[in-house]
Amino acid sequence: MGARGRSLVRWGLILAFPAIASSPIVATGAEPEVGGMITEIHVGQGRVEVESTRGARRRPATPLLTLRDGDTVATTRDAWVVVVLSGGRGMVRVDESTSPFVVTAAPPERGRLHKGLMILEASFDFLSTTPKDPLFGNLGSRGGVKPPVILTPRNGRVLPDSLVFEWRGSRSARYGVRIVGPDGVVLERADLTATRFEYPKDAPPLAPGVRYRFQLLPTWHPPQEVWFELVDPDHARTIQHDLQQMDAALPGEPSTATAVILRAGFLAQRGLLHDARLHVSDALARQPDEPTLHFLLGELSARQGLSQEAMEAFAEARFLLGSPAAPR
């Protein structure tokens, strides 16, 4: 899907998110420096609002919202929010007992950026590419029977330890799957009743750097096909090492949702949309009420050309924040 198509499924509450590094980020003109971003929001029976240092009125907090030096985050009743601070200063959980919280920019630091912080910045680079286009009108409905669609992988690279195939479909239907390489069929399975298939450990090994085709063969619908390519083992080890360094760059223990958001941003920035999506999907199975995870799933779906899934994920995020959304 092109840029125009992706913009039609973006949710307008998101703001562009600049990279966060260990030294302050100076914006153009009189713009205050970036102090952090919001990664998790729980509204409950209360409210989470942000007041800008630039004199703008208070506005509802939104997923991945950029916070600048002097911005104030306020919560009421049982609402709370997680703020990741710039400069590797860790995270703050703002609730009624710590509200209002005034965001500050990171102090200047000398020397080169810490490697982990540079990797963290790369994660935020992905998030910063989200358009600001507001989205109005109906976001689509979750009801009705939809034809099978391959969700992941979708024409991209995959880490060798995450070879999982997922598709939208009915759990009561039956599916066949086939993996085809340059020399012909590598693996074929029939009569699958699930919508997720993990490549068997005892199946023929797949070679890195080779383009394979994954074919979904529904019983009552036309077949579908996507391609995927395994990352070579050395590069995969580098990716895993970078993720460990990014985790170490944040002092303290980040919550599961925040850790997933940062990891998914880094993986997506490296072009590994499949692995980023798996991280977010697995986290949503454990935390289905976290709106930022739904929003990020929508962003990844839009980048993969899955407009219906993107609209539904954005609608769910809006619903969890108490905003008007599509019919459920």
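Residues are listed down the side, and each one gets a yes or a no for (1) within 23 Å of the chain's Cα centre (by Cα); (2) closer than 24 Å to residue 297 by Cα; (3) modelled with pLDDT of 80 or more:
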site	(1), (2), (3)
89	yes, no, yes
96	no, no, yes
111	no, no, no
129	yes, yes, no
- Task: Return the residue satisfying two criteria in turn: it lies in segment 218-234 and is surrounded by 16 or more Cβ atoms within 10 Å (Cβ to Cβ) and at pLDDT 95 or above, and of such residues it is farthest from residue 165 (Cα to Cα).
- Result: 231
- Determine whether residue 187 is buried (at least 17 other Cβ atoms within 10 Å of the Cβ) and free of Cβ contacts under 8 Å to residues at least 24 places away in the same chain. yes
- Query: Out of (1) touching a residue at least 24 places away in the same chain (Cβ under 8 Å); (2) under 26 Å from residue 237 (Cα atoms); (3) of a type in the set (A, V, I, L, M), the odd one out for residue 173 is which?
  - Reply: (2)
- Query: Which condition number in (1) open to solvent by 10 Å² or more (accessible area, probe 1.4 Å); (2) touching a helix residue (DSSP H, G or I) at 6+ places or on another chain (Cβ under 8 Å) is the one that residue 271 fails?
  - Reply: (2)
- Considering only residues of segment 141-170 that are assigned to a loop (DSSP other than H, G, I, E, B) and touching an Asp or Glu at 6+ places or on another chain (Cβ under 6 Å), which is modelled with the highest pLDDT? 159
- Per-region count, segment 93-107, residues part of a loop (DSSP other than H, G, I, E, B) and either open to solvent by 40 Å² or more (accessible area, probe 1.4 Å) or under 14 Å from residue 79 (Cα atoms) (or both): 8
- If you go through segment 44-69, how many residues are outside any strand (DSSP E or B), open to solvent by less than 30 Å² (accessible area, probe 1.4 Å) and either under 13 Å from residue 103 (Cβ atoms) or in contact (Cβ under 8 Å) with a residue 60 or more places away in the chain (or both)? 6
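Return yes when residue 254 is surrounded by 13 or more Cβ atoms within 10 Å (Cβ to Cβ), at pLDDT below 90 and out of contact with any His (no Cβ under 7 Å at 6 or more places or on another chain) and no when it is not.
Yes.
Looking at 175, 212 in this structure, which one is within 20 Å of residue 272 (Cα to Cα) and either in contact with a Ser or Thr (Cβ under 8 Å, 6 or more places away or on another chain) or surrounded by 14 or more Cβ atoms within 10 Å (Cβ to Cβ) (or both)?
Result of the check over 175, 212: 212.
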- Message: Condition (residue is at pLDDT below 90 and in a loop (DSSP other than H, G, I, E, B)) applied to segment 76-85: is it met by at least one residue?
- Response: no
- Query: So which helices (runs of 4 or more DSSP H) are wholly in segment 217-328 and hold at least 1 residues that are basic (Lys, Arg) and more than 20 Å from residue 61 (Cβ to Cβ)?
  - Reply: 233-249, 256-269, 273-286, 291-303
- Query: Is it true that some residue in segment 183-193 is at positive phi and at pLDDT 95 or above?
  - Reply: yes
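Checking the conditions here, which among 218, 233, 222 is farther than 28 Å from residue 169 by Cα and of a type outside the set (D, E, K, R)?
233
The values are calculated or read from the model by the stated rules, or taken from the named source; none is laboratory data. These numbers come from a predicted model, not from an experiment. All Cβ positions, even for glycine, are placed from backbone atoms using ideal geometry, and neighbour counts span all protein chains on display. The area values use the complete protein model at the heavy-atom level, side chains included, leaving out ligands, DNA and RNA. Shrake-Rupley method; radii C 1.70, N 1.55, O 1.52, S 1.80 Å.
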